Amino acid sequence: MKKFKLLILPFIAVSAVTLSACSGADVNQGPELRGVNNITCLADTAVDLLDGVAALDLEDGDITPALQITVTPEVSVENGYAVFPKAGEYEVCYEIRDSLGKLARTTVSATVTEREVYADNLLTNGFALKADENVTVLSNGLNGGAFAFKVSGQEIAENVQLTRTYTLNTGVEYTFKYYFESSVAGRIKIAANGKAFTEAQVSAGGNELQFVYTAEGADETETVEIALWLGGLEGGLEISLTKSETQIYMQGNNLVEKLENFSFDGKILDRFDGTEGSIGTVDNGKGVFVEITKASDATWRGGVFVNTGLAIGAGAKYTVSYDIEAENNGAFEVILQNKQWGANEFHKTYTAGHNEFDVTVPESGTLWIYIASGANVNKITLKNLSVKEHKSGYITESFAVGNVYANNFGGGSGSAKCEYGKIVYEINTFGSDWGQNELGTPSFALNGAAGNFVITFKAKASSPVSCVFAASVADYWDTFVWKQLKLSVSEQTYSIRCDDKAVEGNYKFLWQFGTSANAVFSGATVEISDIKICYLSELEG
């Protein structure tokens, strides 16, 4: 019997071959795929389909760069990354051929889930459109300074709804006013938490719609979704909403505490301009101090800013009280302001002990407190802060939709507009510093731990421009997101994790393009849409 010798070659070189046991001819070993597993991921998020994946071949070595990946239903794959546009089940096929054409193929499943959205109506001050499957939404979103939409196919009242959620005091009668333009006339229904409670007539053209609602419930306040059911308006329906108002009548003189269980933690900023010292909180965040260890020539040149986050309205009356402790007899000031900088002061006190006084706010803003003691070596401590609003007679709260804006200076120029939810920023010239071409959103309220949020948006640019995306306090620069990006010519979804810090108050989103890196472009058009704040998913760690 003829015997054969089996030759085994190690997997070490491209030139390695295997000989046929029968003829001595070379045998091409097929490539091998490793690390290919089923995928679980989030919609609208870039996924690395090559993470942990390798294609190896006995003769050719590592051939991973030649790997072909296809997704069914079809999703574009670029450089191994894919963005699944919506939730569902997908198949991901990995294929590789070696230099002699031998094929290896593996197919796995991709389970794609939606992020839970915290807020996606940031540009419209909480107003939103709801439309069921019988309705075709032709356009929808912020348009100029109004929330506008066009729909067709509507038949019954509740299949097109203009909604907004309010926090209302139970047992109190509220008068609502909506200001909007309508393309058609007819009767509509008005609902609270999905139940119609009255009807109203809508005119073609301008409308000032007024209705009354009283919240009922076991708790002191109730979260109520107020909805205009517009589906019964026949014809091509176009609505453009500019603002709404809620109005209540308070009997007598009622004081409502606005800073209940207030903590100074995370709300203080130092100012040591020609001075030295420290700031901090005491009594588990219930008090704040500033200590000046080296004085300047002016009281206001050293101290601590407090951003209470409390929105204050022009003409509103408040009773403010706090206790002041001072270690030395030197001069100090406690100043109430409607923003951090500028001509904003509307009240001052100078004495230690218990201070209580009434103030009327001259201009709307956010309540700031500045404790200034820079001209003296001293330690000032403020505790027991209380701000009570006087509620008497008719109290009106207005909800304007808002608008996007562009800030350009120092060589930057351009203009911004919003067309049914898509922000368009036409940049004519780029400045040399980021903020010299700045695109911003209207302000919106946000509360909670920013580290629990992810911000997503879609964007593209006529040229691949660099930018900074930031989320900042509305009235001054204090960010919980600051990230450099490059916007591509093709539309991409950008997902950005927030810093781990507490947020409470009014905020805005900013895109800044003024950088020398963009100087190679004579100008650019940037489009941004589908802005959302989402909850951080377990899939993201």
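The values are calculated or read from the model by the stated rules, or taken from the named source; none is laboratory data. These figures come from a predicted structure and were not determined experimentally. Using ideal geometry, Cβ is built from the backbone for each residue, glycine included, and neighbour counts are taken over all protein chains shown. To get the accessible areas, we keep the full protein, side chains included, count just its heavy atoms, and leave off ligands, DNA and RNA. Shrake-Rupley method; radii C 1.70, N 1.55, O 1.52, S 1.80 Å.
Scanning region 231-255 for residues that are modelled with pLDDT of 90 or more, more than 25 Å from the chain's Cα centre (by Cα) and open to solvent by less than 40 Å² (accessible area, probe 1.4 Å) turns up Gly231, Gly232, Leu233, Leu237, Ile239, Thr246.
Taking strands (runs of 3 or more DSSP E) as the structural unit, those lying wholly within region 77-193 and holding at least 2 residues that are out of contact with any Pro (no Cβ under 8 Å at 6 or more places or on another chain) and surrounded by 17 or more Cβ atoms within 10 Å (Cβ to Cβ) correspond to 81-83, 88-97, 103-113, 128-131, 136-143, 146-152, 160-169, 173-182, 186-192.
What about Val520, is it loosely packed, with under 15 Cβ neighbours inside 10 Å and on the phi < 0 side of the Ramachandran plot? Outline the logic, then answer.
Numbers: loosely packed, with under 15 Cβ neighbours inside 10 Å: yes; on the phi < 0 side of the Ramachandran plot: yes.
Yes, satisfied.
Of all the listed residues (Lys483, Lys508), the sole one being among the basic types (Lys, Arg) and either farther than 27 Å from Tyr166 by Cβ or open to solvent by 60 Å² or more (accessible area, probe 1.4 Å) (or both) is Lys483.
Do you know which residues across region 287-310 are at pLDDT below 90 and more than 32 Å from the chain's Cα centre (by Cα)? Across region 287-310, the qualifying residues are Asp297, Ala298, Thr299, Trp300, Arg301. Is it true that Lys258 is of a type in the set (Lys, Arg) and open to solvent by less than 40 Å² (accessible area, probe 1.4 Å)? Against the criterion (of a type in the set (Lys, Arg) and open to solvent by less than 40 Å² (accessible area, probe 1.4 Å)), Lys258 does not qualify. Can you say whether Glu356 is without any contact (Cβ under 8 Å) to a residue 40 or more places away in the chain and not hydrophobic (A, V, I, L, M, F, W, C), as far as the supplied structure shows? For Glu356, the condition - without any contact (Cβ under 8 Å) to a residue 40 or more places away in the chain and not hydrophobic (A, V, I, L, M, F, W, C) - is met.
Do we have Asp297 as part of a strand (DSSP E or B), of a type outside the set (A, V, I, L, M) and surrounded by fewer than 18 Cβ atoms within 10 Å (Cβ to Cβ) here? Outline the logic, then answer.
Details: part of a strand (DSSP E or B): no; of a type outside the set (A, V, I, L, M): yes; surrounded by fewer than 18 Cβ atoms within 10 Å (Cβ to Cβ): yes.
No.
Within the set Ile96, Ile156, the sole residue that is more than 30 Å from the chain's Cα centre (by Cα), within 30 Å of Ile239 (Cα to Cα) and of a type in the set (A, V, I, L, M, F, W, C) turns out to be Ile156. The listed residues are Ala502, Ala474, and the only one of them that is farther than 21 Å from Ala46 by Cβ and surrounded by fewer than 18 Cβ atoms within 10 Å (Cβ to Cβ) turns out to be Ala502.
Flag not set for Glu419, criterion: in contact (Cβ under 8 Å) with a residue 12 or more places away in the chain, open to solvent by 20 Å² or more (accessible area, probe 1.4 Å), within 21 Å of Val520 (Cα to Cα) and under 30 Å from the mean Cα position of the chain (by Cα). Looking at Leu446, Leu439, just one residue is within 28 Å of Phe305 (Cα to Cα), over 13 Å from the mean Cα position of the chain (by Cα) and surrounded by 16 or more Cβ atoms within 10 Å (Cβ to Cβ), and that residue is Leu439. Ala314 passes every criterion in (1) in a loop (DSSP other than H, G, I, E, B); (2) touching a residue at least 40 places away in the same chain (Cβ under 8 Å); (3) closer than 27 Å to Asn329 by Cα apart from (3).
Among the residues of region 463-486, are any under 22 Å from Asn140 (Cβ atoms) and of a type in the set (A, V, I, L, M, F, W, C)? Walk me through how you get there before you give the answer.
Narrowing region 463-486 to residues under 22 Å from Asn140 (Cβ atoms): none.
The answer is no; no qualifying residue exists.
Selection of region 273-294 for residues being closer than 12 Å to Lys383 by Cα, open to solvent by less than 20 Å² (accessible area, probe 1.4 Å) and not in a strand (DSSP E or B) yields only Gly285.
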